[in-house]
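**Q** Pasting a structure below so you can have a look.
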Amino acid sequence: MRRPVIVALAAGAAAAALLAASGRVTPQLRRPQDLPRTAHAGADGLALTPPMGWYPWNVFGEEPQNEKLIREIVDALVARGLKDAGYAYVGPDEGVCFSRGPDGRLTTNLARYPSGLRGLGDHIHGRGLKYALYTDAGSRTCSGAMPGTKGREFEDMRAFADWRADYVKIDWCNSSGQDIVQTYSLLAKAQRAAGRPVVHSLCSWGDGYPWVWAGAVGHMWRTTSDICAPGRADWDRAIRIAFANDKLADFAGPGRWNDPDMMIVGMPGLTEARNRSLFSLWCMMAAPLMAGNDLRDMSPSTAGILTNLEAIGVDQDPLGVQGRVVWNDGNVSLWAGKPLFDGSLAVLVLYLGKHRADRQISWEELGLAAGDELYVRNIWTGETNGPLAGATTVSVGPDDVAFLRISRTNEFPVPPVLVADTTLVTLRSASAGAERLTGAVTVTNKGTSALPPWRVDPKSLPPWLSVAVSGSGQSQTFVNTASTAGLKKGRYHALVRADNVEPVSGRPMSAFYYDVDLEVVRNVKR
Ligand code: GLA
């Protein structure tokens, strides 16, 4: 590969030393004058919990990526229960999706993506998912096969908005001589200018210490080099990445996530125990959960791991705290420091020894009082023990984990996990007389805390559109009504935004966006 392995080991150690010395984070990098003052995510409400989805690179690399593959993956994602577990962002990674035409504009490679990148996006939105695309901040993408955004930031982010991307991963290849903070800040500015809020996923593999500054310009940043070469899952490297990413825990929070890379869970060569361990680590670290395996060819065991709602609930916890290593004796590490929305704690014991072992975990090493009487929920076995005083004992096999929630009560609620039936409403009027057309979007909450009604942002509604929200805390419907009175022949579009709070913690939830398209075939009288 072109880049050094595990960049964050050194960088993370430097950052940790910085933290230890001052107790606060002092940016070491020069901040350009135009760096936004508030977090990028502050205004757009995106990624207040770690983004979940699927991306092709880890298993496929560049070559088999085309529209057929992505559509098959979308079908599998829905059919195998990942959509119902909250996975939403999906689309092509690097793989000759587009080229730059003679006029400088990006155009879809129609040989690979016959519906066009917009057509693929519409398909993904039609299935209730969100659209993820890939580009590079330098002159070319990493393979060299696609143009990078350098010098074309505003046109390219406009193209991504026209294709209706909801998530843009921006790599850092072929960027020599570019100032990393200025470059990604400019890209964030270009995204805002394009007018379609996107999850900005920075991919500099830890170069430029993005954890220090990238929360102001994006929502997540890679902390290390690639987790594997395409198609070749590497357990040891994934574990090293987890320990490197751990050192950066202080930098993560709602709207700003350390990204230890797309997952390798379910890739060929990994045992069930290793899959379970890696998924648990990513959940414990509040990492973005971008699945990287071939969903069309997934064992029931892998599907069960990737869709375990109790584990996902730890990752998607609205407090957004990244758990961290409390101690590590080489074979066994204890990960804790992750309070959850209901007052419980997430705890992970990772065991890398060769023979099954029992280990006692005391309340005191978790920061609790020895005398506390607590319930212990084992996320993978689904068993609850308690009340227990002072400690709990776990039995863990090689390369496996005990993933626990510890609480004062015998209740372990799951925070909201939202699933939309569609994120695209398409309306058409062929009448010269005024009409009212309706189309619905239903959002179902797979978590256990009932949501208050969604609040539609009136600023996101054009004069021709109104939205009424109905339903209960577990399932709500947005009824969109378009009035064609007085509209001229043409195509109209709205990106509707709705907000909600998680009722137990009172925290704002990630804003929910969907598209409404209206085609008016003839001029309509008032
Ligand atoms: C870099 C990224 C990978 C992938 C490839 C595509 O290596 O880190 O995740 O996007 O580029 O070339």
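**Q** Near Arg491, within a Cβ-to-Cβ distance under 14 Å, what is the net charge of the other residues, with Lys and Arg +1 and Asp and Glu -1?
**A** So the surrounding residues net to +1.
**Q** Separate question: Using a ≥ b ≥ c from the Cα gyration tensor of segment 43-112 (square roots of the eigenvalues), is it rounded, prolate or oblate, where a/c under 1.5 gives rounded and otherwise the larger of a/b and b/c decides, a/b for prolate?
**A** Cα axes put segment 43-112 in the oblate bin.
**Q** Which of the cysteines in the chain are isolated, no other cysteine C-beta under 4.7 Å?
**A** Cys97, Cys203, Cys228, Cys283
**Q** Could you rank the peptides 297-304, 205-212 by their average count of other C-beta atoms within 10 Å per residue, with the highest value first?
**A** Most protected by this proxy first, the peptides run 205-212, 297-304.
**Q** Let me ask another. Consider a paramagnetic label point 7 Å from the Cα of Leu368 along Cα→Cβ; state which residues of segment 394-430 have an amide N under 16 Å from it.
**A** The answer is 394-395, 402-413, whose backbone nitrogens lie closer than 16 Å to the label point.
**Q** Between Asp421 and Thr384, what is the label-point separation in nm under the 7 Å Cα-to-beta-carbon projection?
**A** 3.3 nm
**Q** Please state the shape class of segment 356-418: rounded when a/c is under 1.5, otherwise prolate if a/b exceeds b/c and oblate if not, all from the C-alpha gyration tensor.
**A** Oblate is the answer for segment 356-418, as a/c is 1.5 or above yet b/c matches or exceeds a/b.
**Q** Continuing with this model, one more query. Report D for the chain in µm² per second (integer): Stokes-Einstein, Kirkwood Rh on Cα pairs, 20 °C, 1.002 mPa s.
**A** 90 µm²/s
**Q** Okay, next question. Calculate the FRET efficiency for Arg232 and Ala450 from the Cβ-Cβ distance with a Förster distance of 41 Å, rounded to the nearest 0.05.
**A** Plugging the Cβ-Cβ distance into 1/(1 + (r/R0)^6) gives 0.40.
**Q** Counting Lys +1, Arg +1, Asp -1, Glu -1, what net charge surrounds Trp163 among other residues with beta carbon under 11 Å of its beta carbon?
**A** 0
**Q** Could you work out how much longer the chain between Asn328 and Thr271 gets when fully extended? Use 0.36 nm per residue separation minus the Cα distance between them, nm to one decimal.
**A** That pair, Asn328 and Thr271, stretches by 18.2 nm at full extension.
**Q** How many angstrom lie between the Cα centre of segment 230-261 and the Cα centre of segment 355-395?
**A** One Cα centre to the other: 26 Å.
**Q** Then there's this: How much area per residue is accessible in segment 307-411 when the probe is 1.4 Å and only protein heavy atoms are counted (Å²)?
**A** The answer is 41 Å² per residue.
**Q** State the extension gain, in nm to one decimal, for the chain segment bounded by Lys459 and Arg118, taking 0.36 nm per residue of separation less the distance between their alpha-carbons.
**A** Answer, rounded to one decimal: 120.3 nm.
**Q** So, one more: Lys488 to Ala43: extension gain in nm, 0.36 nm per residue of separation minus the Cα-Cα distance? Please list the in-between numbers first.
**A** Numbers: separation 445, 0.36 × 445 = 160.20 nm, distance 3.25 nm.
Here the segment from Lys488 to Ala43 would lengthen by 157.0 nm.
**Q** Let me check against my output: what whole-number percent is the relative contact order of the chain, with C-alpha pairs under 8 Å and at least 6 apart?
**A** Across the chain, relative contact order equals 13 percent.
**Q** May I ask you to order 316-322, 222-228, 122-128 by the average number of other C-beta atoms within 10 Å around their residues, highest value first? Write down the numbers at each step before the final one.
**A** Values: 316-322: 21.9, 222-228: 24.7, 122-128: 19.9.
Descending packing order for the listed peptides: 222-228, 316-322, 122-128.
**Q** Place the peptides 376-382, 247-253 in order of packing, highest mean first, counting for every residue the other Cβ atoms within 10 Å and averaging per peptide.
**A** The most tightly packed comes first, giving 247-253, 376-382.
**Q** Can you count the Lys pairs in the chain whose Cα atoms are under 25 Å apart, with each pair 8 or more apart or on different chains?
**A** 21
**Q** Further question on the same structure: Where the centre of each part is set by its Cα atoms, how far does segment 130-195 sit from segment 414-432, in angstrom?
**A** About 28 Å separates the Cα centre of segment 130-195 from the one of segment 414-432.
**Q** With θ set to phi - 60°, apply the Karplus curve 6.51 cos²θ - 1.76 cosθ + 1.60 along segment 433-448 and write out the HN-Hα couplings as whole Hz, x wherever there is a Gly or Pro.
**A** x, 4, 10, 10, 10, 10, x, 10, 10, 10, 10, 10, 9, 8, x, 10
**Q** Can you pull the percent of segment 112-213's accessible area that's carbon plus sulfur, 1.4 Å probe, other chains left in place?
**A** Using a 1.4 Å probe with all protein chains present, segment 112-213 comes out at 47 percent carbon and sulfur.
**Q** Describe numerically, in nm with one decimal, the distance between label points set 7 Å from Cα along Cα→Cβ at Asp358 and at Ser475.
**A** Taking the simple label geometry, Asp358 and Ser475 are separated by 4.7 nm.
**Q** So what's Rg/Rh here for segment 329-384, counting alpha carbon atoms and using the Kirkwood radius for Rh? Before the final figure, lay out each step's value.
**A** On the way: Rg = 12.4 Å, Rh = 12.9 Å.
Taking Rh as the inverse mean 1/r over Cα pairs, Rg/Rh reads 0.97.
**Q** Right, another one. Once R0 is set to 25 Å, what does the formula 1/(1 + (r/R0)^6) return for the Cβ-Cβ distance between Ser466 and Glu519, expressed as a FRET efficiency to the nearest 0.05?
**A** Numbers: r = 18 Å, r/R0 = 0.73.
It comes to 0.85.
The values are calculated or read from the model by the stated rules, or taken from the named source; none is laboratory data. Just so it is clear, the model here is predicted, and its values are computed rather than measured. No Cβ is skipped: glycine too gets one built from the backbone with ideal geometry, and neighbour counts run over all protein chains shown. Note: accessible area is taken over every heavy atom of the protein model, side chains too, but ligands, DNA and RNA are not part of it. Shrake-Rupley method; radii C 1.70, N 1.55, O 1.52, S 1.80 Å.
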